[in-house]
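The values are calculated or read from the model by the stated rules, or taken from the named source; none is laboratory data. It should be emphasised that the depicted structure is a prediction, and the values quoted were computed from it without experimental measurement. Cβ placement follows ideal geometry from the backbone for every residue including glycine, while neighbour counts extend to all protein chains displayed. We work out accessible area using only protein heavy atoms, side chains counted, and drop any ligands, DNA or RNA first. Shrake-Rupley method; radii C 1.70, N 1.55, O 1.52, S 1.80 Å.
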Amino acid sequence: MTARNDDLRLTIWSCLLVLAAELVFAPLEGRILGARMFWADVAHAGLAAFGLLILLAQRNRPRPAAVATVFALITLAYIPNIWLTEHIAFDRGLLRDPLTTHQFVIVGIAALAPGRRRFGLTLLALLAMSAGALWLSLGGVHSAVLRSTGEPWMTLLLAAVSGALLVMRTQRNEIVHRLARAQAERDALARAARIFLSVRDRANSPLQGLEFGVALLRRRCPEETALVQRLEESSHRLRALIGILASTETWVEGELDPRVDLESEVRAASRALRDALRESSEQP
């Protein structure tokens, strides 16, 4: 599986999680916090559903820019949603930790962010800044918020730890993809080596016939010196080429079954190597 497919899979799961969470919380928050929160949650669920449709439409050939855009939209849409939720809750006198949702989103980014690590780290930084700004915003209106212990520093620390986890996850993914790419290239080269050995074996008999014909021509037509010389040079070049093909024996164990259609095997090996090179070009 390529990096693009991995990113697509992660973002599809992200859309499904956001869609499920907002559909669950929409009626609950609508009953507790009012109609504005209900429709805000429904709008966020609709955005996740729309992003899911976009991703499914290009599942056979995902575009990294589209995948990253969908993930960024469904993630950053949490920020206005959270701000609205917390301000309404505190205006109604509800006691709660205002940064809890930020923390969940931060962990989600560390676990699911697609693409390059810079993209995920940027999202983490935006969520961390949003958490700090929300804390100050609520503290300016509800001073009791500022007396809560540990915040916003715990959320900022969580963002830093999540950033480290994101970097380690992306590094591990890069290693896995490099190993998979190397395996695919090795298999393609091993297949090509078996083809080379098969060509060598199948070329031996025609070459022996050519050498026999040259010897016969030299004996029966000694006046055809130039022709005999050209044929001998051709046989020598073919013999050298067969020697080069024989050197591929160290690439792989075993040879092709002599009954195998060589032309079909060459086409299959070409497809395998082309796929390996395409996966290589698609890695981030």
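Yes or no: F71 without any contact (Cβ under 8 Å) to a residue 60 or more places away in the chain and among the aromatic types (F, W, Y)? Against the criterion (without any contact (Cβ under 8 Å) to a residue 60 or more places away in the chain and among the aromatic types (F, W, Y)), F71 does not qualify. Filtering the range 180-201 down to residues that are of a type in the set (K, R) and touching a residue at least 60 places away in the same chain (Cβ under 8 Å), which residue is farthest from L241 (Cα to Cα)? Per the stated criteria, the residue is R181. Taking the criterion of being surrounded by fewer than 20 Cβ atoms within 10 Å (Cβ to Cβ) and not hydrophobic (A, V, I, L, M, F, W, C), the residues of the range 42-80 that qualify are G46, Q58, R59, N60, R61, R63, P64, T69, P80.
Among the criteria (1) closer than 23 Å to G46 by Cα; (2) open to solvent by 40 Å² or more (accessible area, probe 1.4 Å); (3) acidic (D, E), the one E86 does not fulfil is (2).
Do we have any residue at all in the range 158-170 that's in a helix (DSSP H, G or I), open to solvent by 50 Å² or more (accessible area, probe 1.4 Å) and modelled with pLDDT under 80? The answer is no; no qualifying residue exists. Would you confirm, using the coordinates I've provided, whether H236 is open to solvent by 80 Å² or more (accessible area, probe 1.4 Å) and either at pLDDT 70 or above or in contact with a strand residue (DSSP E or B) (Cβ under 7 Å, 6 or more places away or on another chain) (or both)? It is true that H236 is open to solvent by 80 Å² or more (accessible area, probe 1.4 Å) and either at pLDDT 70 or above or in contact with a strand residue (DSSP E or B) (Cβ under 7 Å, 6 or more places away or on another chain) (or both). Just wondering, is there one or more residues in the range 135-146 that are in a helix (DSSP H, G or I) and over 23 Å from W83 (Cβ atoms)? For the range 135-146, residues in a helix (DSSP H, G or I) and over 23 Å from W83 (Cβ atoms): absent. Can you pull out every residue in the range 24-40 that is open to solvent by 60 Å² or more (accessible area, probe 1.4 Å) and not small (G, A, S)? Once the filter is applied, which keeps residues that are open to solvent by 60 Å² or more (accessible area, probe 1.4 Å) and not small (G, A, S), the range 24-40 yields V24, F25, P27, L28, R31, I32, R36, F38, W39. When A110, A128 are screened for being assigned to a helix (DSSP H, G or I), crowded, with 18+ Cβ neighbours inside 10 Å, in contact with a Leu (Cβ under 9 Å, 6 or more places away or on another chain) and free of Cβ contacts under 8 Å to residues at least 40 places away in the same chain, only A128 passes.
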